[in-house]
Every structure is written in structure tokens, then in C-alpha cells.
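Below: one structure, written as C-alpha cells.
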Amino acid sequence: MNHDARRTTHIITPRRRAAPADSRFDWRVVDIPREVTRAETRALLTEQAEYGRWELIRSQTFLGGARRVWLRRRVMNVRRTDDAA
């Protein structure tokens, strides 16, 4: 596998299970295969944090080098200010 192909081989799962309707956070689980380097993983997570406003909550490393990380971000509930319903 070449260097460019490894950079995009992570798997993003929006949710493992349904979040409660009144949840204050969105959750994202990212599975990263062992072929992706630590530097590439760091760049991926930095990009998610800067542009998607995600924060790292937990990371897990499996035997063999695969990684799974849990990200969350606060849900922004915006209410209408005009009279239209």
C-alpha cells in the first residue's frame, strides 16, 4: 500500500448506538488500521478538532497496532428568534 492510500484508510463511524434525544453531545468513533502512522493519525485528529470542533475523549490501542478513538462535540441547539413557527 502506498503512502497516499494509507492516509485515507481510516473508518469513521458516526455512532455505535443511538444517542438519547436530549443528549448534549454528538459522538464519533474512528477506527484507524495499524498501517497508518502515528504522525498521520495525529494529523487526522488535529484536522477533526480544528475544522469539525471534535474533541478527543478516549483512545484504545489493540494488539497488532490498530487504534480506535472516540470523539465528541457539543450539540448547538439554535432557536428561532422571529415569529414564524
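How do the peptides 47-55, 60-68 rank, highest first, by the average count of neighbouring beta carbon atoms within 10 Å per residue? It would help to have the intermediate numbers written out before the result.
Values: 47-55: 13.3, 60-68: 11.4.
Result, highest mean first: 47-55, 60-68.
Within region 62-76, whose backbone N sits under 14 Å from a point 7 Å along Cα→Cβ of ARG42?
The answer is none, because no backbone nitrogen lies closer than 14 Å to the label point.
Only the coordinates and a few stated rules stand behind these numbers; no lab work does. Owing to the predicted nature of the structure, the values given are computational and were not obtained by experimental measurement. Reconstructed Cβ throughout: ideal geometry from the backbone, glycine too, with neighbour counts over all protein chains shown.
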